[in-house]
Amino acid sequence: MTGAQEQKIRQTLDDANLQLAIYTATGRLMSHRKAAVAEDVLPDFQELRTQANLLKRHAIENLDHYLEQFESQVVAHGGKVIYARDGAEASEFLIDLAKKKGARLMVKSKSMTTEEIDLNERLERQGIEPVETDLGEYIMQLAHERPYHIVAPALHLTRYDVADLFTRKLGVERETEIEKQTKIARAVLRQKFLAADIGISGANFLVADSGAVVIVTNEGNGRMATTLPRIHVAIAGIEKVIPRAQDLAVFLKILARSANGQHITVYTSFLAGPRREGEIDGPEEFYVVLLDNGRTRLLADREKRQSLYCIRCGACLNHCPVYRKVGGHSYPGVYGGPIGAIITPQYLGVTHDPWLPFASSLCGACAEVCPVKIEIPKLLLALRSEVVQAKLRDTQSRIERLSFRVWAWAMRRPRIYEMLGFMGSALLGGEGWIRRLPKLLSHGPLGAWLSQRDLPRLPARSFRQLWRARRKAGEN
Amino acid sequence: MPREYVLHRTRTALGRTIGQPPDPAPPVRLRIPEIDLEARIASLFAEIRNLAGKTHRAASPADARAYVAALVGERSAVASNAPFLRECGIADLPTVRSGIANAEELRALCADAEFGITSADYALADTGTLVLFSSQQEARMISLLPPVHIAVVQSGTILSGLDELLSREPLPAERSSSMVLITGPSRTADIEQILVRGVHGPGEIHVIVV
Ligand code: SF4
């Protein structure tokens, strides 16, 4: 953990307003989800989860096949597919395209994948203006912050923060009414939509049998960005591919419900290629950038490749007691919460952020709610052991090694071992809870640890003593 | 080449070879309940109203026309080229512009119009959803740019839900470059999780079933 991260966590924990904001927002998302997947509303929810898991597993285990099928379908419908090994390649494609087409302004619909590759910074450096159009993302862009939550990017800000930001950045009069703030953003962004040359979107799903990009939004910005500009570019991780359009009957039913309890988002766009002969509107050019950026490395890991099933609903964040305390900006990388703790170190390599897999209490809430049934706690444990093994090789804690050596030495000397046990039970027996240990131990980290924990009383007689007594009784 | 690199790494990671056919896919899962028309209409309306949308059951095409005329009044509207709107006589209401086939012209009109009037290819009863394929009859912008969207739907197109839609249209891409599902008015809850309607899309939606 870096100093900056530690500071961020401390700040978040100390900020009572922020704590309340995270707690209420995630709490509300949790209760909405609960209502939307209740037995009487969606009786086959568990079946749908199982089916979603099977479909994702199948798609990932045969990924090369479905990527090629997707590509040939996109081409058949008049679009183009571009593969990118990393963020630099994906951005380069866009920059070249902008140059070729003389494009200066790009509107963007919400996409975590483009956050992952710092697309905006890369474009700005080339003199291209990318504009986020999801209200939350737009606010984050104005504030120069990264999204706080996968589905609720500005979760940590109040209307007063937004008012200050709009006054400062847009030069409008201070407005603290949320409805009016939304109107301000609508007016500014409407002009951007109408003027933009290129619309950039992510993809919630890539449909192999159709060559289609599926985008879900509530505000309509996804539709605007893919309808008004002359060119539409979708940027998506290779893991987003699903076999058939008909499989959407499973995924669309669980995605919005798990995210915020809606039965389906307001808009679901199923987009296959540019505008066709006879169609009145829609983009004239259609590109899909398929991004690797560490995903094939993850794919090679048989156990952990299931983290590629993620449909980014955010439920595991809302249900994570750690996320709910430390918030979204305490995690390195753009994906926070339990799933972020898994994919970030895998995209970047485990030694990059060795503390991440430990940022979980392994309570299992995430796995219980995950709509595609990713075994998150199991993967976190596996990652932890990787980190620990890496550490063991070089810097295993000296105390740990020392204490093991003492214990091993004592084990080989039964008399001494027994004597230590006897001393222990004398010290801790009777009412001797560990909390009553000499004052000396109740300070510092050990004290803090002990203040929450007890050791059970040691038995009056040890196993060795009982064994001997039994043997004696047997002999008599 | 990035393409070969990514595909090669994918195959190597999975232990697959070039051109190897995929394992058998899990069977498609579609569940289509039997629901009669009245129940479908009732459910469609209940869901739309739940999302603060307005609904109206029109006894005849003339009734639908009267309802739309009252809604629009003297204000500007753009109607799609759907034959059904013409049949209802909605396309020739005095303030309604219709019959536009040019994207630039349509865009300028939609940017200023107060109402966008469309039909729908299907409606989904269980979620209160409209389904629109982009075509010569239906442009994408009309249901998107104006602040109010009015959809006039034929009762025969109301399906039980998504599963029935995808069983009727297993390959939507064969039919159009764009299929969009619209469920209620555009909305956001991005500031303090307070619900606000009408962000980029229409903040008001009226669904009329004939
Ligand atoms: S891991 Fe599961 S619960 Fe978490 S965001 Fe992904 S799909 Fe949702």
Rounded to the nearest 500 deg cm²/dmol, what is the calculated helix-only ellipticity per residue at 222 nm for chain B, with -39500 (n - 2.57) per DSSP H run of length n ≥ 4?
-> -8500 deg cm²/dmol
Could you run the Karplus curve 6.51 cos²θ - 1.76 cosθ + 1.60 with θ = phi - 60° over the stretch B:59-74 and give me ³J(HN,Hα) per residue in whole Hz, x for Gly and Pro?
-> 6, 8, x, 5, 4, 4, 4, 4, 4, 5, 4, 5, 5, 6, x, 8
What share of Cα pairs, in percent, lie more than 19 angstrom apart in the stretch B:77-124?
-> 23 percent
How far, in degrees from 0 to 90, does helix B:2-14 lean away from the longest principal axis of the Cα atoms of chain B, to the nearest 10?
-> 60 degrees
Given springs between every Cα pair under 10 Å in a Gaussian network model of chain B, which of B:V131, B:V180, B:V96 has the largest fluctuation?
-> B:V180
Would you work out the charge dipole size for the stretch B:32-209 about its Cα centre, treating the Cβ of every Lys and Arg as +1 and the Cβ of every Asp and Glu as -1, and quote it to the nearest 20 debye?
-> 320 debye
From the P(r) of the protein assembly as shown, can you give the percent of Cα pairs sitting at distances over 39 Å?
-> 39 percent
Among B:S143, B:S176, B:S98, which one moves the most in a GNM of chain B with springs linking Cα atoms closer than 10 Å?
-> B:S176
What size of dipole, in debye to the nearest 20, comes out for the stretch A:57-293 about its Cα centre when the only charges are +1 on Lys and Arg C-beta atoms and -1 on Asp and Glu C-beta atoms?
-> 620 debye
For the stretch A:57-293, the convex hull over Cα atoms projects on average to an area in nm² of 13.0 nm²
What size of dipole, in debye to the nearest 20, comes out for the protein assembly as shown about its Cα centre when the only charges are +1 on Lys and Arg C-beta atoms and -1 on Asp and Glu C-beta atoms?
-> 3940 debye
Can you tell which of A:F45, B:V131, A:V213 lies farthest toward the positive end of the dipole of the protein assembly as shown, using +1 and -1 charges on the Cβ of basic and acidic side chains (Lys, Arg; Asp, Glu)?
-> A:F45
Inter-chain shielding of B:31-37 (mean C-beta neighbours from other protein chains, 10 Å cut-off) = 1
Just order A:31-40, B:8-17 by mean Cβ neighbour count inside 10 Å, highest at the front, would you?
-> B:8-17, A:31-40
Peptide B:137-147, shielding by other chains (average Cβ, 10 Å cutoff) = 5
In nm², the average projected area of the convex hull spanned by the Cα atoms of the stretch A:211-288 is 5.7 nm²
Which percent of Cα-Cα pairs in chain B sits in each 5 Å bin, short to long?
-> 1, 7, 13, 16, 17, 13, 10, 6, 6, 5, 3, 2, 1, 0
Per residue, what volume in Å³ does the Cα convex hull of the stretch A:266-309 take up?
-> 123 Å³
Equivalent ellipsoid semi-axes for the stretch B:25-78, as square roots of 5 times the alpha carbon gyration tensor eigenvalues: give them largest first, rounded to whole Å.
-> 33, 15, 12
Could you pull out every one of the lysines with an alpha carbon less than 18 Å from that of A:K100, ignoring same-chain neighbours closer than 8 positions?
-> A:K80
Please give every one of the lysines within straight-line cross-link reach of A:K192, meaning a C-alpha to C-alpha distance under 16 Å, and leave out same-chain neighbours fewer than 8 residues apart.
-> A:K108, A:K110, A:K169, A:K183
Mean shadow of the stretch A:235-380, computed from the convex hull of its alpha carbons, in nm²?
-> 10.4 nm²
Would you kindly derive the ³J(HN,Hα) couplings of the stretch B:38-44 from the backbone phi angles with the Karplus curve 6.51 cos²θ - 1.76 cosθ + 1.60 (θ = phi - 60°), listing them in order in whole Hz, with x for Gly and Pro?
-> 4, 5, 5, 5, 4, 5, 4
Most mobile of B:I35, B:I182, B:I158 per a Gaussian network model of chain B (Cα springs, under 10 Å)?
-> B:I35
Would you mind checking the radius of gyration and Dmax of the stretch A:91-231 based on alpha-carbon positions, in Å?
-> 15.2, 50
Would you work out which of A:I339, B:S76, B:H8 lies farthest towards the positive end of the dipole of the protein assembly as shown, given +1 charges on the beta-carbon of Lys and Arg and -1 on that of Asp and Glu, about the Cα centre?
-> A:I339
Using Cα positions and a limit of under 23 Å, work out the lysines in reach of A:K378, with same-chain residues fewer than 8 apart set aside.
-> A:K56, A:K240, A:K304, A:K325, A:K391
Kirkwood Rh in Å, taken over the stretch A:117-161 so that all alpha-carbon pairs contribute = 11.2 Å
For B:T129, residues with placed amide H under 5 Å, excluding near neighbours | B:L124
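Every number here is computed from the coordinates shown, using simple stated rules; none is lab data. In this text the structure is predicted, and so the values were computed from the model without any measurement. All Cβ positions, glycine included, derive from the backbone under ideal geometry; neighbour counts span all protein chains shown.
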